[in-house]
Structures are given as structure tokens and as C-alpha cells.
Amino acid sequence: MRVLVTGGAGYIGSHTLLELMAQGHDVCVLDNYSNATPEVLNRVRGLSNGNVTDFTGDVRDPAILNRVMQDFRPEAVIHFAGLKAVGESEEKPLLYYDVNVGGTLALLHAMDRVGCKNIIFSSSATVYGEPVYLPYDEAHPTAPMSVYGQSKLMAENILTNWAKATAGTSAVLLRYFNPVGAHHSAKIGEDPKDIPNNLMPFIAQVAVGKRDALTVFGEDYDTPDGTGLRDYIHVVDLARAHVAAINYADKSTGARPFNIGTGQSYSVRDMVAAFERACGSPIKTKQAPRRAGDIAAMQADASRAAAELGWTAEHGLDDMTASTWAWQSANPNGYDN
Ligand SMILES: NC(=O)c1ccc[n+]([C@@H]2O[C@H](COP(=O)([O-])OP(=O)(O)OC[C@H]3O[C@@H](n4cnc5c(N)ncnc54)[C@H](O)[C@@H]3O)[C@@H](O)[C@H]2O)c1
């Protein structure tokens, strides 16, 4: 199938390109490189020995979208392009709504103009907000606690309305839990431009000597060791969920959300200990108070994805930390080597 991948040069997008190509799909990337570098696509081409068509541009721009749609004629779109920093979203709400909601709208208009009917959307477990019960299933109430989460939920609602109103269309809403890890080649991985917002890249940068210590925000949660519990998902498993979703979209109509997680959760302390095993040296930590908006624990019920997409996570915790360490130690400065 011809698959347009917006934000395909990013962390999850680049891993997904490889999995799509391994299954024989033709891929095309639209990225504005606001949080990526074209070097990513060179590495994907090298690893796959395949062709990646690419366009540089903004997903909100109808002119570039029309060109991509007319030149590549996608049969499905995977929509990764977006902004993802929760803290920044509170400071720049209009930017987040513009890119995450406006970008989705512009993309749907462009798909309609060429009759492209299938879309896979990068949503997030953050749409659920404070847990009413755990594990979260897809019927859990949605009450996002940040502008970022609101922007994802708004985009989900737009996609749901579009799929209902437009005959023969399918919108697969993938609610990711916490993506971590890197490709086994250690050639592609997560490369945050500034101070990492997420735990794993921060630990990795401490391990490689780029940062002094990991700040642990809150050790007084109601969890076994007092630190927050999260459901971490290996990025290669997550990438494969997109391939499964493409196949599902081809045979279904309407919009449907799916949790993409492992169903297991690990604490900050568990992650630090696992990373120490992977890299063979201690990770320095320091304590800080809880951050506003952080919840104690979250975990996916991923049984719908297993039953309907035929997808389950295969990689465990040690694969997550070992692959992160392999990538970070081979590329201490990310793609800027
Ligand atoms: N990584 C996570 O923890 C996580 C969790 C849940 C959901 N998500 C969502 O998954 C998607 C991909 O996340 P990621 O971790 O790979 O992030 P990323 O920043 O690595 O990838 C996003 C890509 O989109 C591009 N982009 C951003 N704005 C654009 C625009 N206006 N036009 C064109 N390209 C644009 C960036 O340059 C980047 O290559 C995002 O939508 C994110 O919100 C990520």
C-alpha cells in the first residue's frame, strides 16, 4: 500500500517507516524538521535498502499537502506530525492547538480532495487524565489535564466526526502509553533537541555523561516504592502497531480508539535499576517534589488491540533499556555526530 507518513522523520515515525517497508509498503514522508533532521531518513534508507519519498513542509500548509497527495496518491495516512511537550503546551496553547488540531484538519481536507479514506492517528493515553479505575480501557472517561492532552482529544473528536460523515472512511486512533527504546541497529532512536521531557532519554543522557543526575519528581506517591508507575512500550512494538492498524483500516469503516501499551507498569526506580543493568554503571539521581499534573500510576488494558488489530507487545523491560543504551552510547550527540 502507498502510505503517507506525516512527521516520519521523528522518533516514532522513523521506526514505523522501517516496519512498513519490511512489510512491503511504499512510504512517503512529509516533515517540517521542527523536531528532526533529514539525516534520519538517510539512516532509514540505509537500514531498509529501500526508497523513501520525502517532502519538506508543514502539515498545516494546503499547498504542500495538495502536492504530496497528487504526486504520491496515498492509500492511507499515518499522522505523527505534531507537538508533544506537555509543559510547553501550557505556555503556548495556541501553537499547540494550531499544529495538533489545525494540522489534523488541514490533512483531512487534503485527503478528501483526493479521496484518501484511511488514517491512523497518534493519540495518547494522556487523553484519559486522572484514573477513575486502572488499567485504563478505551471506555474510560476522557478528561485531559493539559493543553497537549486536550489537543489530542480534539483531534480524535474531529477524526471521529469525519469518519462518521464520510462514507467508506476509517480512522484508527492509537492511544500510546510511554514509548521508549530504539531500533536494534542502534542507528535510529530518540534524540531530544533540548532537555529531555521524558524519563528514558534523560536517564540515557545521564549514563552517557551529558547530564549530571536524574531528578526524580516525587517519591511519596501511593505506589510500592513511592515513585510514579508508567506503562512503557518499546518503540519497535509501537511501530508494528501502526502496520497492524493500516491492515485493520483497510477492512473497516468508522473511528475506533485502541490502547497501545504492554499492560505492565514500572516505577521510576525500576527504570533506573534496569538501565543500570544495561549500561553497567550507577545512574546518579536527586529528589524533587512532585510535578503539578503528574499522576501516581497508569497502565493500559491493551486487550482490544490484541483482539481486533491482532497486535501485542513483544519486547520486555530489558530490551527497552538495552536498546536505548546501545543507541545513546553509539550516538552520544544523537544525529549530530
Ligand atoms: N513520544 C511520546 O511519548 C508520545 C506519546 C504519545 C503520543 N505521541 C505522539 O506521537 C507523535 C510522534 O511523536 P514522536 O515522539 O515521534 O515525536 P517527534 O517530535 O520525534 O516526531 C514528530 C515529527 O513531526 C514533525 N513535525 C512537527 N510539527 C510539524 C508540522 N507542523 N508539520 C510537519 N511536520 C511536523 C517533527 O519535525 C518530527 O519529525 C506526536 O504526534 C506525539 O504527540 C508521542
One residue from Asn178, Asn197 being within 16 Å of the ligand (Cβ to nearest atom), surrounded by fewer than 23 Cβ atoms within 10 Å (Cβ to Cβ) and over 16 Å from Val236 (Cα atoms): Asn197
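Here is a yes/no grid of residues against (1) open to solvent by less than 30 Å² (accessible area, probe 1.4 Å); (2) free of Cβ contacts under 8 Å to residues at least 24 places away in the same chain; (3) over 19 Å from Val127 (Cβ atoms):
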site: Tyr248; (1), (2), (3): no, no, yes
site: Gly254; (1), (2), (3): yes, no, no
site: Ile260; (1), (2), (3): yes, no, no
site: Ser265; (1), (2), (3): no, no, no
site: Ala273; (1), (2), (3): no, yes, yes
site: Ser281; (1), (2), (3): no, no, yes
site: Lys284; (1), (2), (3): no, no, yes
site: Gln287; (1), (2), (3): no, no, yes
site: Gly293; (1), (2), (3): no, no, no
The lone exception for Asp212 - which of (1) surrounded by fewer than 22 Cβ atoms within 10 Å (Cβ to Cβ); (2) closer than 21 Å to Ala296 by Cα; (3) among the acidic types (Asp, Glu) it fails: (2)
Residues satisfying the stated conditions in the range 158-175, i.e. open to solvent by 20 Å² or more (accessible area, probe 1.4 Å) and within 16 Å of the ligand (Cβ to nearest atom): Ile158
Per-region count, the range 72-100, residues of a type in the set (A, V, I, L, M), touching a Ser or Thr at 6+ places or on another chain (Cβ under 6 Å) and over 24 Å from Ala292 (Cα atoms): 1
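How about the range 200-290: which strands (runs of 3 or more DSSP E) wholly inside it have at least 1 residues that are of a type in the set (A, V, I, L, M, F, W, C) and within 18 Å of the chain's Cα centre (by Cα)?
Working: elements: 214-217, 232-234, 254-260, 285-288.
Answer list for the range 200-290: 232-234, 254-260.
Answer with yes or no whether Leu134 is modelled with pLDDT of 95 or more, over 18 Å from Gly10 (Cα atoms) and assigned to a helix (DSSP H, G or I). Full working, then the answer.
Values: modelled with pLDDT of 95 or more: yes; over 18 Å from Gly10 (Cα atoms): yes; assigned to a helix (DSSP H, G or I): no.
No: the conditions fail for Leu134.
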Filtered residues of the range 107-142 (kept if crowded, with 16+ Cβ neighbours inside 10 Å and among the small types (Gly, Ala, Ser)): Ala110, Ser122, Ser123, Ser124, Ala125, Gly129
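Across the range 181-194, which residue is most open to solvent (accessible area, probe 1.4 Å) among those that are in contact with a Phe, Trp or Tyr (Cβ under 6 Å, 6 or more places away or on another chain) and away from the ligand (no atom under 11 Å from the Cβ)?
Ala186
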Checking Asn49 against (1) within 26 Å of Asn247 (Cβ to Cβ); (2) within 15 Å of the ligand (Cβ to nearest atom); (3) out of contact with any strand residue (DSSP E or B) (no Cβ under 9 Å at 6 or more places or on another chain), the condition it does not meet: (2)
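Out of the residues in the range 2-33 that are out of contact with any Leu (no Cβ under 7 Å at 6 or more places or on another chain) and among the hydrophobic types (A, V, I, L, M, F, W, C), state the one that is surrounded by the most Cβ atoms within 10 Å (Cβ to Cβ).
Pass one, the range 2-33, residues out of contact with any Leu (no Cβ under 7 Å at 6 or more places or on another chain): 2, 7, 10-11, 13-17, 19-26, 31-33.
Next cut, among the hydrophobic types (A, V, I, L, M, F, W, C) only: 17, 20-22.
Numbers: Leu17: 30, Leu20: 26, Met21: 21, Ala22: 14.
If we take residues in the range 2-33 being out of contact with any Leu (no Cβ under 7 Å at 6 or more places or on another chain) and among the hydrophobic types (A, V, I, L, M, F, W, C), then Leu17 is surrounded by the most Cβ atoms within 10 Å (Cβ to Cβ).
Of all residues in the range 62-74, which are open to solvent by 60 Å² or more (accessible area, probe 1.4 Å), touching a helix residue (DSSP H, G or I) at 6+ places or on another chain (Cβ under 8 Å) and at negative phi? Don't jump to the end; show me each part of the working.
Just the residues of the range 62-74 that are open to solvent by 60 Å² or more (accessible area, probe 1.4 Å), to begin with: 62-63, 67, 70-71, 73.
Within this subset, residues satisfying the condition of being touching a helix residue (DSSP H, G or I) at 6+ places or on another chain (Cβ under 8 Å) are 62, 70, 73.
Selection gives Pro62, Gln70.
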Count of residues meeting criterion [farther than 21 Å from Phe177 by Cα, in contact (Cβ under 8 Å) with a residue 12 or more places away in the chain and of a type outside the set (Val, Ile, Thr)] in the range 189-208: 3
Single unsatisfied condition, Asp225 versus (1) away from the ligand (no atom under 16 Å from the Cβ); (2) crowded, with 17+ Cβ neighbours inside 10 Å; (3) not hydroxyl-bearing (Ser, Thr, Tyr): (2)
Residues that are open to solvent by 20 Å² or more (accessible area, probe 1.4 Å) and in contact with a helix residue (DSSP H, G or I) (Cβ under 7 Å, 6 or more places away or on another chain), drawn from the range 75-100: Phe80, Ala81, Gly82, Leu83, Lys84, Val86, Glu90, Pro93, Tyr97
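The values are calculated or read from the model by the stated rules, or taken from the named source; none is laboratory data. Quick caveat: nothing in here was measured; it's all calculated off a predicted structure. Counting neighbours? That spans all protein chains shown, and the Cβs are built from the backbone with ideal geometry, glycine included. The accessibility values were calculated without ligands, DNA or RNA, using every heavy atom of the protein model including side chains. Shrake-Rupley method; radii C 1.70, N 1.55, O 1.52, S 1.80 Å.
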